[in-house]
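Here, each number is a calculation from the coordinates, and none is a lab measurement. Source: prediction; values computed, not measured. Ideal geometry is used to build each Cβ from the backbone, glycine not excepted, and the neighbour counts take in all protein chains shown.
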Amino acid sequence: MKRSIFKIAATVIASVVVMMSAMPITSFAKEKITLEQAKAVAIENAGVKADEVTIVKEGYEIENGRTEYEIEFFLGNAEYDYEIDAETGKIVSFDQSIETKFTKPTVKQVKATEITEDKALQIALDHAGYQKGDTLYTQVKKDFEDGQEVYEVEFRVGFVEYNYNISVTNGQIVDFEIDD
């Protein structure tokens, strides 16, 4: 009797494992609108024209199990930040701020004074007291924060996530956040 119950339980567990492994991962990253549509939603909400703005950040991320487009653009010295739900096209959050230090980004070659992505990562790791081998993952990308070009550095050690903004021009830590 005990063997029969054990066999039934093992069969049920194995079936659940097989069904779970067959589920598509894309269920966590649903997208019903395109990036272009998300940009149009943000620009329309801001009440500006697409040809008047300079988009400095666009992409998507999974935030709290929801796929969101992140759109950031400037018009003059006004910065607009939007998060758009990728499934519904609704605005999740937005803000607008006036930047006094904004210079319109242009395509340029890296200047000798600019630090590299590797150097930005090392600055953040040194500040946190870790080495690259201690991390579970690292991510470094260029962005504009408050009109200043920065490297967004993100890494995880154990269950703790570290986020840094490092100035591209001089390597100074602009700000950092630790989420545990």
Over the stretch 54-89, the set of residues in contact (Cβ under 8 Å) with a residue 24 or more places away in the chain and either under 14 Å from GLU36 (Cβ atoms) or of a type in the set (Phe, Trp, Tyr) (or both) is GLY59, TYR60, TYR69, ILE71, PHE73, PHE74, TYR80, TYR82, ILE84, ALA86, GLY89
Matching residues, the stretch 148-180, being surrounded by fewer than 18 Cβ atoms within 10 Å (Cβ to Cβ) and part of a loop (DSSP other than H, G, I, E, B) = GLY158, PHE159, THR169, ASN170, GLY171, GLN172, ASP180
Subset of the stretch 51-66 (residues that are surrounded by 13 or more Cβ atoms within 10 Å (Cβ to Cβ) and more than 11 Å from the chain's Cα centre (by Cα)) = VAL53, THR54, ILE55, VAL56, ARG66
